[in-house]
Structure formats: C-alpha cells, structure tokens
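A short write-up of the structure that comes next.
Here, each number is a calculation from the coordinates, and none is a lab measurement. As the structure is a prediction and not an experimental result, all values here were calculated from the model. No Cβ is skipped: glycine too gets one built from the backbone with ideal geometry, and neighbour counts run over all protein chains shown.
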Amino acid sequence: MEWGLFVAKKIVSALFYPVGITLALLAAGIAASLWKPRSKFGVLLVTAGALWLLVSSMGIFGTLFVMGLERSAGPYADPQELAARDVKYIVVLGGGIRTNTVDPLGAADCDSFFRVMEGIRLWKGIPGGKLVVSGGRFSPEDITSAEAMASVARGLGVPSQDIIEETRSLDTLDEARFLKPLLGTSRFALVTSALHMNRSVKIFQSLGMNPIPAPADFHAADFRWGFASFLPGAKGMLLTQRAIHEHVGTLWLRIRNPLGSVPK
C-alpha cells in the first residue's frame, strides 16, 4: 500500500471512532447554537455527543460490541488437528510495536505479543512447522512488527531457521499480497486477534489463499456482569473503537470488492 493512501485511510477511520464521532457532534452542536441561538437543535447535538461518549466508553458496551466478532472467529486452534490437515506454515499477523524501544525483545505491543505467543504454541505442536511473522513499520526509526515478534519467538526457543519474516506490509491486505508467493494455495494457520479474524480470513481468501482460523487475544471470552462493567473507562472505549474499526474495514472491503475479489 502506498504511504499516502495508508495515512488517508487512518485519518478517515479515526472519524468513525468514539472520540471522532463525539467531537463531530459537539462541533456541529456548537456551530448550530451560534448560528441559531434560539434553536434546540444545537443542544440536542451536544447532548447526543456527550451521551455517545458515555455509552461508548462503558465496559459493557465495548465488550458486547466485540463479542460477536470474537465468536465468529471460533475457539483456539488445536495444533494436532492442524498437523493432520497438513499445515506447515503458522502465519502471525502484525499487531504493532512499542515505538522508541531499544531492545527488540520488548518492542512487541500487546496485540503482537499475544499473537506471536499463540503462534509459538501452535509451532511447538506441528512437526516441521514454520513460523511466519508479518508486519512492517510506520516510521524509519522503528523496527518492524515482524522483527519484534521474531525476537520474542527466538527468545522462547524457536530456531531462526524456522522463522520467516515479512517486513514490508502496512495493513492486512499488504500482508496477504506479500505472503501469497510463499503460501500459494496451501493450507496454513492464520493467527491474529479474535476480533480481527473474520476480516483477515476474507482478505486472504479473496486472493485465492486457504487460511485456517487460529484466533488469539480474546477480550470478551471471560466477561462477567457487574457494577464495574457499566462504568466509563479507557478500556471500554478502546474495545468500542476496535470493533468499529473492524466493521468499517469490512464495509470498505465490500464496497471496493462487491464480487469478493481484491484489485491489484
């Protein structure tokens, strides 16, 4: 993906996130109040923005929002079943890094770390398996997601000859395109966060590839009702944002590719 298109996509996506929607409603409400001070429309917009910020930051709302995505991903994969299906490649999609980190071993952020840990678990149960870590970087000063995850894998005993790094991609579509020459039409385990799995599988399948879902990093599996789940907080807002990101991404994929194919 070209850098300009990638940045534009990120900016547009941010407009759909809880903070982006809230700011848009507040700005529109203030503008409407200044334009027509006696109108109640501006007050309604400001109130709607405040209520949306409150609801979207509740743990219960964010958790329920991602629950459907995670359930569609299925359970944790069984390495013995994967081996029986002749799976040799365990593909771990990048989930970002901690920037400005001196030690590559500590650069993998939460998403990348949980994903590569699941990839390592599967690799240990698949004789002759190869761990494929994927993901580029957004700044020339940083290491790539693939390099960070490879460092974790080597630190936990995976030999370098069993690790394949794809370091050029900026998003999931890039990862599928860059990995297609390696994977072809063979079956492979696709490891990514559970809420990201459905869209990832569709992208890989649209290129004629055969991923087997191997979800990791579940957020809603151990959800318990309680008073705290109705309190607003950063975690609830993050879950809401990630769920919106996936739904918007899936919608964009359908708009671009109504027949299911990804253009070159």
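Summary of values
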read-out	value
Proxy reagent accessibility, fewest Cβ within 10 Å first, across Leu44, Leu131	Leu44, Leu131
Expected 222 nm ellipticity per residue - DSSP helices of 4 or more, -39500 (n - 2.57), all of the chain, to 500	-17500 deg cm²/dmol
Cβ-derived FRET efficiency at R0 22 Å, Cys110 paired with Leu54, nearest 0.05	0.30
Ala234 versus Arg154: modelled label distance in nm, points set 7 Å from Cα along the beta carbon direction	3.2 nm
Footprinting exposure proxy for Leu253, Leu15 (fewest neighbouring C-beta atoms within 10 Å first)	Leu15, Leu253
Computed label-point distance, nm, for sites Gln205 and Ala84 using a 7 Å Cα→Cβ extension	2.2 nm
Amide H partners (placed H, <5 Å) of Val92, local residues excluded	Val132, Val133, Ser134, Val191
C-alpha long axis of helix 172-183 to longest principal axis of the chain, angle in °	10 degrees
Exposure proxy ranking, count of Cβ atoms within 10 Å, fewest first, for Glu175, Glu81, Glu165	Glu81, Glu165, Glu175
Difference of contour (0.36 nm per residue) and Cα-Cα distance, Glu141 to Ser13	43.6 nm
Cα long-axis angle, helix 234-256 against the chain (0 to 90 degrees, to the nearest 10)	80 degrees
Packing rank of 153-159, 16-22, where each peptide gets the mean count of other beta carbons within 10 Å, highest leading	16-22, 153-159
Nonlocal Lys pairs with alpha-carbon distance under 15 Å, the range 76-216 (8 or more apart, or different chains)	4
Dipole magnitude of the range 76-216 about its Cα centre (Cβ charges: Lys, Arg +1; Asp, Glu -1), debye to nearest 20	400 debye
Per-pair calculated FRET efficiency, R0 = 51 Å: Val43 and Ser72 via Cβ, rounded to 0.05	0.80
Summed side-chain charge close to Leu131 - residues other than Leu131 whose Cβ falls under 12 Å, Lys, Arg +1, Asp, Glu -1	+2
